[in-house]
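Okay, so here's the structure we're looking at.
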């Protein structure tokens, strides 16, 4: 999805949240292994811990300091984040 958004909005900063990448300090969010692990974590992971981790990650990103728009693929999880 990230690459599709980058094509559609080439002048916008696109930031993907991938729990597997965050926890493994990886930068290749589009690798098949990380996508598969991220899906797995979204099913079996602790939602409260995931929201906390994502909030820390977003707060640490200086490019988002003035606010951002978000797209959530898992509406239940995303509702907790908001």
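The values are calculated or read from the model by the stated rules, or taken from the named source; none is laboratory data. All of these numbers come straight from a predicted model, not from anything done at the bench. We place every Cβ from the backbone using ideal geometry, glycine too, and count neighbours over all the protein chains shown.
Specify the residue that is modelled with the highest pLDDT; the eligible residues are those in segment 1-21 that are in contact with a helix residue (DSSP H, G or I) (Cβ under 6 Å, 6 or more places away or on another chain) and surrounded by 11 or more Cβ atoms within 10 Å (Cβ to Cβ).
Pass one, segment 1-21, residues in contact with a helix residue (DSSP H, G or I) (Cβ under 6 Å, 6 or more places away or on another chain): 13-14, 16-21.
If we keep only those that are surrounded by 11 or more Cβ atoms within 10 Å (Cβ to Cβ) too, we end up with 14, 16-21.
Numbers: 14: 88, 16: 80, 17: 79, 18: 75, 19: 75, 20: 72, 21: 71.
Among residues in segment 1-21 that are in contact with a helix residue (DSSP H, G or I) (Cβ under 6 Å, 6 or more places away or on another chain) and surrounded by 11 or more Cβ atoms within 10 Å (Cβ to Cβ), the one modelled with the highest pLDDT is 14.
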List, please: which pairs have Cβ atoms under 7 Å, are six or more places apart or on different chains, and start with a residue in segment 6-17 that is free of Cβ contacts under 8 Å to residues at least 12 places away in the same chain and end with one that is surrounded by 10 or more Cβ atoms within 10 Å (Cβ to Cβ) and part of a loop (DSSP other than H, G, I, E, B)?
6/14
How many residues are within 18 Å of residue 2 (Cα to Cα) and either at pLDDT 85 or above or part of a helix (DSSP H, G or I) (or both) if we restrict to segment 23-48?
9
In segment 49-82, what residues are at pLDDT 75 or above, touching a helix residue (DSSP H, G or I) at 6+ places or on another chain (Cβ under 8 Å) and part of a helix (DSSP H, G or I)?
50, 51, 53, 54, 55, 57, 58, 64
